[in-house]
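The values are calculated or read from the model by the stated rules, or taken from the named source; none is laboratory data. The model shown is predicted, which means the values in this text are computed figures rather than measured ones. As a convention, Cβ positions derive from the backbone with ideal geometry for all residues, glycine included, and neighbour counts pool all protein chains shown. These accessible areas exclude ligands, DNA and RNA; they are computed on the full protein's heavy atoms, side chains included. Shrake-Rupley method; radii C 1.70, N 1.55, O 1.52, S 1.80 Å.
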Amino acid sequence: MLEIRHLKKYYGSLPVYEDFSLTVGEGETLAVLGNSGAGKTTLLNIVAGLLPFDGGEIAGLPERIGYIFQSDRLVPHFTVEQNLCLVAEKERVFKALGKAGLEEFAGYYPARLSAGMSRRVAILRAFLYDAPLILMDEPFRNLDLALKVRLMDFYASLARERKNSALFVTHDVAEAACLADRAVIIGGGKVLLDMPVTDRKEAEEKLEAYFLSERQE
Amino acid sequence: MKKGNKILNIAVPALTIACIFAIWAFAAAVTDEEIILPRPLSVLKEFFALFADGEFYLSYFVTLGRSAIAFAISFALAFAAAALSRRYALFGRAFNTVLPLVRALPTVAVVLLLVLWTTSRVAAVIVTMLVVLPTLYTNAENALSAVSRETAEMCRVYRVPKKTRFFKIYLPAVLPNAVSAAGAGLSLNLKLMVAAEVIAATARGLGTELNLDKINFETAHMLALVFAIVLTGIAVELAGRGIARAMVKRYA
């Protein structure tokens, strides 16, 4: 289980987190929602070890962490196969490509892939890394609805198979309700709402209601 | 590319060169003085005669060798400085303070001082190196920015081995810009080296030959040497650009 305890993070003198705590259970997908500037991406980058923090502790960090970034971050001069081989052996890569229906694109460079295709490769890379924890930073942002649904299905099928934990940052309550087991709303460096997602529709309504009430206040 | 454009791409430069030669031939005919302005044909004859001249090859390769040494040093320095500037902001600030000073240095004064402090050969190499350094540094900065922070972060998260990161990810990303910069830099380098050789009065080199031609009023030979320098510069620059384009095309 990943435990973030009393986290402190400042950008210069500006506090992002002053006493922030959060847990992610084993095999749990936790959606983190919040307004822009709430520190969602900062949280992921701290957990990924890309950003230092100023206090508190993070316990239960696995050795390997997969990260689906906002952009695909594929190496442009590597083919799909070479990009995936950075995190896994060739044999596993081809098996996974076959399962994902991407086998024929193994030799393609990222510039030749469609937006959806390269997103799928980025998602596949995170799962192929065999990490017990996957971080996702708005992985379905700026995609049209049909593609978003296809990719969410693609993600869900991989997640069901692997059963890893995931920390999932999003602005979209529907995405959170669809993919997460639990959702939290953060703001002002604190967890403002923490709720399990048992019923998709109900969770979506609750999250939406929270944001609406916040706006009215 | 359209066929019409292709034809224009060949016809326009060819016509421009033909015009330059026509103006030159006309001016030479009016002047009618081979020492002041030799006819294009005389220069061409001298140019082809260079290839049968052992002395020319010696001077040519001495200058080319010096240029390559000066270039290799400035290229390495420029990339090291650009990498350090990216990594340490303080170094970047310090280097960016020195750079305008280096750019503003009067070349002739530097050569004269260096001749006093070192030998003429070393002076030519150092001055060429110094003049090319700011341009190469800017190119190196552009080349290094091809390796985005995002790619570097991805490598850190997925623990890509350092050797793979450097040789397979960072280096190929930087290479097209670096090769293109090298082509342009080498051409500029050659030009500067010839000037430095003239001012520093080195014992051998194309600059030295040009100086001797000036003393002996061998204008046609002088222009033939200029031809050789220009053609070498263009060839190096085009080769650099071609290799860079091929590298970019491969991944597109």
(message) For Cα pairs less than 8 Å apart in space and 6+ apart in sequence, what is the mean separation divided by the residue count of the stretch A:68-165, i.e. the relative contact order in percent?
(response) 37
(message) Starting from the 7 Å offset along Cα-to-Cβ, what nm value, one decimal, do you get for the label separation of B:ALA246 and A:LYS90?
(response) 2.6
(message) Using alpha carbons only, how many angstrom separate the centre of the stretch B:177-205 from the centre of the stretch A:114-149?
(response) 50
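Counting only other chains, and only Cβ atoms inside 10 Å, what mean value do you get across the residues of A:76-89?
Per-residue shielding by partner chains comes out at 3.
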(request) Enter the accessible area of B:LEU41 (Å², nearest 10), with the probe set to 1.4 Å and all protein chains included. (result) 120
(request) Pop out the ³J(HN,Hα) list for the stretch B:114-123 in order, Karplus 6.51 cos²θ - 1.76 cosθ + 1.60 with θ = phi - 60°, rounded to Hz; leave Gly and Pro as x. (result) 5, 5, 5, 7, 10, 9, 5, 5, 5, 4
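Express the carbon and sulfur contribution to the solvent-accessible surface of the protein assembly as shown as a percent, rounded to the nearest whole number, probe 1.4 angstrom.
Details: 15230 of 24680 Å².
Exposed carbon and sulfur together represent 62 percent of the surface.
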(message) If N is the number of residues in the stretch A:68-165, what value comes out of its Cα radius of gyration divided by 2.2 N^0.38 Å?
(response) 0.98
(request) Mind computing the radius of gyration and Dmax over the alpha-carbon atoms of the stretch B:36-251? Å is fine for both. (result) 20.5, 69
(request) Any lysines with Cα under 29 Å of the B:LYS163 Cα? List them, leaving off those in the same chain fewer than 8 positions away. (result) A:LYS90, A:LYS95, B:LYS249
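What's the total accessible area buried between chains B and A, using a 1.4 Å probe, rounded to the nearest 100 Å²? Provide the component values of the computation, followed by the final result.
Values: alone 15370 and 11070 Å², together 24680 Å².
Buried area (both sides, nearest 100 Å²): 1800 Å².
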(request) List the residues whose amide H sits under 5 Å from the amide H of A:SER21, counting only those 5 or more places along or on another chain, with H placed 1.01 Å from N in the peptide plane. (result) A:HIS6, A:LEU7, A:VAL191
(request) Quote the relative contact order of the stretch B:8-128 in percent (integer), defining contacts as alpha-carbon pairs under 8 Å separated by 6+ residues. (result) 16
(request) Give a residue-ordered list of calculated ³J(HN,Hα) values for the stretch B:106-113 (Karplus: 6.51 cos²θ - 1.76 cosθ + 1.60, θ = phi - 60°; whole Hz; x for Gly, Pro). (result) x, 3, 4, 4, 5, 4, 4, 5
(message) Could you give the length gained by full extension between B:ALA76 and B:GLU150, i.e. 0.36 nm per residue of separation minus their alpha carbon distance, to one decimal place?
(response) 24.1 nm
(request) Once every Cα of the protein assembly as shown carries one equal point scatterer and solvent is ignored, give the base-10 log of I(q)/I(0) from the Debye formula at q = 0.09, 0.11, 0.12, 0.13 Å⁻¹, two decimals. (result) -0.79, -0.96, -1.06, -1.17
(message) If you take every DSSP beta bridge fully contained in the protein assembly as shown, what fraction is antiparallel? Give it as a percent rounded to 5.
(response) 50
(request) Would you please report the Å³ per residue occupied by the convex hull of the alpha carbon atoms in chain A? (result) 126
(request) Quick one: what are the phi-derived ³J(HN,Hα) couplings along the stretch B:158-166, Karplus 6.51/-1.76/1.60 with θ = phi - 60°, whole Hz, x for glycine and proline? (result) 8, 6, 5, x, 4, 5, 5, 4, 6
(request) For the stretch B:1-48 and the stretch A:171-185, compute the distance between their C-alpha centroids and round to whole Å. (result) 73
(request) Between A:SER157 and B:PHE166, take the C-beta separation as r, use R0 = 25 Å, and let me know the FRET efficiency to the nearest 0.05. (result) 0.10
(request) Could you list, in their original order, any pairs among A:LYS99/A:LYS201; A:LYS163/B:LYS162; A:LYS9/A:LYS206; A:LYS9/B:LYS168; A:LYS40/A:LYS206 whose Cα atoms are separated by more than 24 Å? (result) A:LYS99/A:LYS201; A:LYS163/B:LYS162; A:LYS9/A:LYS206; A:LYS9/B:LYS168
(request) With r as the distance between the Cβ atoms of A:GLN70 and B:THR119 and R0 = 60 Å, compute the FRET efficiency 1/(1 + (r/R0)^6) and round to 0.05. (result) 0.55
(request) Would you pull out the residues with amide H under 5 Å of A:GLY56's amide H, same chain only if 5 or more places away, H placed 1.01 Å from N? (result) A:LYS8
